[in-house]
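This report concerns only the one structure given below.
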Amino acid sequence: MVFDQLDRHPGLRFLFTLAIGVILIQGLRFAEPVVLPVALAGFLAVICLPIVLWLQTRGIPLTVAIPLTVLALACVFGLLIIVGTQQVPALQQILLSQGQAIEPVLDEWLLEVEARFRLPEEGGIRATVLGLTDISTLAALATGATTWVFSVLSTIFLVFLLLAFALGEAAVFPRKLGAIAGDAVASDARLNAIVNEVQGYLVIKTLVSAATGVVLGLWTWVMGLELPLLLGLIAFTLNYIPTIGSFIASIPALALALVNLGGEGQFAGFDLERTVIVGLGYLIVNIVFGNWVEPTLMGRRLGLSTMVVVLSLVFWGWLWGPIGAVLSVPLTMVVKIMLENTQDLKWVAVLLDKAPAAEAAAGSGEAV
């Protein structure tokens, strides 16, 4: 009876769908401690699946190929963790020393500004700017970031355990979906569409992020900045976050380039020339890799409009925090592909796409 009424009243059906969507979003937020490691393990499984299949073609049994793949990935994560735990405290200490050194200089400049312009609220600008460079504030931000990193690391074991089981299920899962849906061919095609599109995005994004991290790490080393290895690692990690990740990654490098410290941590002046050169290097690398190399490699594989990419970053970042921001694009792609295969929700998938299917087909035909 209820579904008959929904069919007769499209507006009521829309409100019903919207209400279910709100409930689902709240459920995902509530279940974050469980769902987030599962999602992360799923995307790692999509990246690692070609390696497992390649090992199988070399005659290595699946029971051996999966542990080898998981072990190799664990070694990569372990290396990144070792580098991070060794160099992040050093970067934190340098930035805190810089903040402490420039505070008296900023205080003098701001006093001159307030005396010259005679602002109505005396000391207002000084309090605001010095608050941004306050040592306790910077220490709290750094400590909060470090605490978040260690809380993420505490779930790594669970993620790798889920990854091993996910890779083991990869060969059987399409047949299970076929048995449930009653159409093994259609279910296999849908799953392959999801896996291929997400896999293509993640693999290309990982390669481009790695290249970005290597080039920027070398660039900061050439410019004589401290901790170039960590700066390259930051650029690699934050490049997964669309739109704002590369900008955030440049902030530590610019801070290290700007403030010169003399003996005993005393302020020795601002190096504006080096800061501009370092910033131009970051800008050029991000333009080349982000606006040329990556779109060229992906083509229409991404299939999301620019506005949807930005909105997905905001939404998944709000829902699941920094990891949600990193996974925002592939998660949105999965949702889009699922909507494309749901008859009464295809219109939502069209809104998320770069262009309607007819235009996309025409564009690809012209390209051929």
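The values are calculated or read from the model by the stated rules, or taken from the named source; none is laboratory data. Since we're looking at a predicted model, the values are computed, not measured. All Cβ positions, even for glycine, are placed from backbone atoms using ideal geometry, and neighbour counts span all protein chains on display. Keep in mind that these areas ignore ligands, DNA and RNA; they rest on the heavy atoms of the full protein, side chains included. Shrake-Rupley method; radii C 1.70, N 1.55, O 1.52, S 1.80 Å.
Fully extending the segment from Ser97 to Val76, taken as 0.36 nm per residue of separation minus the present Cα-Cα distance, adds 4.4 nm. Per-residue Karplus couplings for region 231-245, computed as 6.51 cos²θ - 1.76 cosθ + 1.60 with θ equal to phi - 60°, are listed in order as 5, x, 5, 5, 5, 4, 5, 6, 5, 5, 7, x, 6, 9, x Hz, Gly and Pro entered as x.
Using the Cβ-Cβ distance between Leu62 and Leu161 with R0 set to 22 Å, the FRET efficiency from 1/(1 + (r/R0)^6) comes to roughly 0.80.
In the context of the full set of protein chains, residues of region 201-282 present 46 Å² of accessible surface per residue (probe radius 1.4 Å, heavy atoms only). Starting from the Cα gyration tensor of region 211-262, take the square roots of the eigenvalues, sort them a ≥ b ≥ c, and report rounded, prolate or oblate (rounded when a/c is under 1.5, otherwise prolate if a/b is larger than b/c, else oblate). Since a/c reaches 1.5 but b/c is at least a/b, the shape of region 211-262 is classed as oblate.
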